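Participant: Starting off with a structure, shown below.
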Amino acid sequence: MLSTEFLSKNQYSKYGSWLKAQDPQTLHGYFGHSMSKNSIDALVKRFKSDPKNNHFLVAKIDGKWAGTIHIASRGTEVEFGVIVSPKYRKQGIADTMMDEAITWARNRHYHHLFMHCISWNRPIKRLCNKHGLVPRNMMGDSEANLTLQPPTPVTFFKEQMSVGRRNWLALIQLQKLNWT
C-alpha cells in the first residue's frame, strides 16, 4: 500500500541514508552527475541547517521508502527534486508525490515551481508535462516551470485528506504492532 509523509528535521539523515542506498545510475539521473557518500552527507548537513527552506515528501510502499521529493524553497519559489527507486518505477509513485507536493506548495502561498530536467531523463520530463510544468531548454538540459495558483478551499481540503490518510495508516500500523 502506498503512503506518503513529510519528514521532520530530525529525520533528514534517513533521506541521506536512502540516497546512499540508490544505485549510481539512479543518482546520476537525479543529480546529473555522480555523487559520493561524502557529498551526500554534506548535502544533507546543509539541508539540516536550513529546515525552513528544505522539506522532504517520502513515498512508501508497505513501509519501505520508494521515492522522495526534495522541496527547496526561497521567497515565493519552490524547486522540486523527484527520485523513485528503480524497483518502484512505473507505478504512479512520482505522480502521486507531485500531486501532493504541488498542493502543499500552493497551500503555503508559493507562486512559482521549477524543476531541472536533465536532457536524457525522459520520465522526469513526462512527469513535468503531466503536471503542467513548461520546459525551457538550457544548453541541452531544461528547466520546467509552473506558476502556482493561489490556494482554494479545495486544495486545503485535499491536503487535510492526505494528512488524515497518513494518520489512519499510522493507527493501523500501530494496531498491527500491538497485535503481534
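Participant: If the requirement is being closer than 21 Å to His116 by Cα and without any contact (Cβ under 8 Å) to a residue 12 or more places away in the chain, which of these qualifies: Ser73, Ser49, Ser36?
Facilitator: Matching residue, one of Ser73, Ser49, Ser36: Ser36.
Participant: Can you name every residue in the stretch 1-26 that is in contact with a helix residue (DSSP H, G or I) (Cβ under 7 Å, 6 or more places away or on another chain) and of a type in the set (A, V, I, L, M)?
Facilitator: Leu2, Leu7, Leu19, listed by residue number.
Participant: Determine whether Leu148 is crowded, with 20+ Cβ neighbours inside 10 Å and over 15 Å from the mean Cα position of the chain (by Cα).
Facilitator: Taking the combined requirement at face value, the residue satisfies it.
Participant: If you scan the stretch 23-47, which residues turn out to be open to solvent by 20 Å² or more (accessible area, probe 1.4 Å) and under 23 Å from Pro123 (Cβ atoms)?
Facilitator: If we filter the stretch 23-47 for residues that are open to solvent by 20 Å² or more (accessible area, probe 1.4 Å), which is where we start, we get 23-25, 28, 30-39, 41-43, 45-46.
Of everything in the stretch 23-47, those that are open to solvent by 20 Å² or more (accessible area, probe 1.4 Å) and under 23 Å from Pro123 (Cβ atoms) turn out to be Asp23, Pro24, Gln25, His28, Tyr30, Phe31, Gly32, His33, Ser34, Met35, Leu43.
Participant: Out of (1) within 18 Å of Asn129 (Cβ to Cβ); (2) touching a helix residue (DSSP H, G or I) at 6+ places or on another chain (Cβ under 8 Å); (3) touching a residue at least 40 places away in the same chain (Cβ under 8 Å), what's the single condition that is false for Val84?
Facilitator: (3)
Participant: The conditions are (1) in contact with a strand residue (DSSP E or B) (Cβ under 6 Å, 6 or more places away or on another chain); (2) closer than 23 Å to Lys125 by Cα; (3) among the hydrophobic types (A, V, I, L, M, F, W, C), and Leu19 fails exactly one of them. Which is it?
Facilitator: That leaves (1) as the condition not met.
Participant: Looking at the stretch 92-113, can you tell me whether even one residue there is within 24 Å of Leu43 (Cα to Cα), out of contact with any Gly (no Cβ under 8 Å at 6 or more places or on another chain) and without any contact (Cβ under 8 Å) to a residue 24 or more places away in the chain?
Facilitator: The answer is no, given that none of the residues of the stretch 92-113 is within 24 Å of Leu43 (Cα to Cα), out of contact with any Gly (no Cβ under 8 Å at 6 or more places or on another chain) and without any contact (Cβ under 8 Å) to a residue 24 or more places away in the chain.
The values are calculated or read from the model by the stated rules, or taken from the named source; none is laboratory data. No experiment lies behind these values; they were computed from the predicted model shown. Heads up, the Cβs are rebuilt from the backbone with ideal geometry, glycines too, and the neighbour counts pull from every protein chain shown. Only protein heavy atoms, including side chains, enter the accessible area calculation; ligands, DNA and RNA are left aside. Shrake-Rupley method; radii C 1.70, N 1.55, O 1.52, S 1.80 Å.
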